[in-house]
Amino acid sequence: MPIREHEFSRIGLLAELPGEQLRKLSERMRRHHIPAGAAVMQEGDDGERFFVVLSGMLSVSQEDRGAVSMLKPGDYFGEVALAMDIPRTASIRALTPSVVASCDRETFDEFVRPLFSE
């Protein structure tokens, strides 16, 4: 099922994009249904995708610090590894059944990375 532009309206970072760019980004994002307890990413893995949370609750943890924070609808993750070209800095696990949308590095570089430099 494609991602609809209005699903991004709660994501403050992406809400800054002009309508046409938001539409193009939404066409290039993929939807992922994550069961409760499933890992979305592991600390230390290569970072190839950027994610936004559409529904559910996810936990963020680091090996040396344990649980660090929670992610909820409107939050995003995965940008550090892509922006800095480093391995994943945290592990993400779904606490509840969750839906996230993701894009590849090329799409991130084109649409999302410029939002961090403003």
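Where in the range 11-86 are there helices (runs of 4 or more DSSP H), lying fully within it, with 2 or more residues that are basic (Lys, Arg)?
Details: elements: 12-15, 19-28, 79-84.
Output list reads 19-28.
Can you pull out the residues in the range 61-75 that are out of contact with any Phe, Trp or Tyr (no Cβ under 7 Å at 6 or more places or on another chain) and surrounded by 19 or more Cβ atoms within 10 Å (Cβ to Cβ)?
Asp75
Sort out which residues of the range 81-100 are buried (at least 16 other Cβ atoms within 10 Å of the Cβ) and of a type in the set (A, V, I, L, M), and write them in order of number.
Ala81, Leu82, Ala83, Ala90, Ile92, Ala94, Val99, Val100, listed by residue number.
Conditions first: (1) surrounded by 15 or more Cβ atoms within 10 Å (Cβ to Cβ); (2) in a helix (DSSP H, G or I). Pro114 passes all but one, so which condition is the exception?
Among (1) surrounded by 15 or more Cβ atoms within 10 Å (Cβ to Cβ); (2) in a helix (DSSP H, G or I), the lone unmet condition for Pro114 is (1).
Do the conditions hold for Gly44, that is, is it within 13 Å of the chain's Cα centre (by Cα), among the small types (Gly, Ala, Ser) and modelled with pLDDT of 90 or more?
The answer is no for Gly44.
The values are calculated or read from the model by the stated rules, or taken from the named source; none is laboratory data. Everything quoted here is computed from the prediction, not taken from an experiment. Methodologically, a virtual Cβ is constructed for each residue, glycine included, from the backbone with ideal geometry; neighbour enumeration extends over all protein chains shown.
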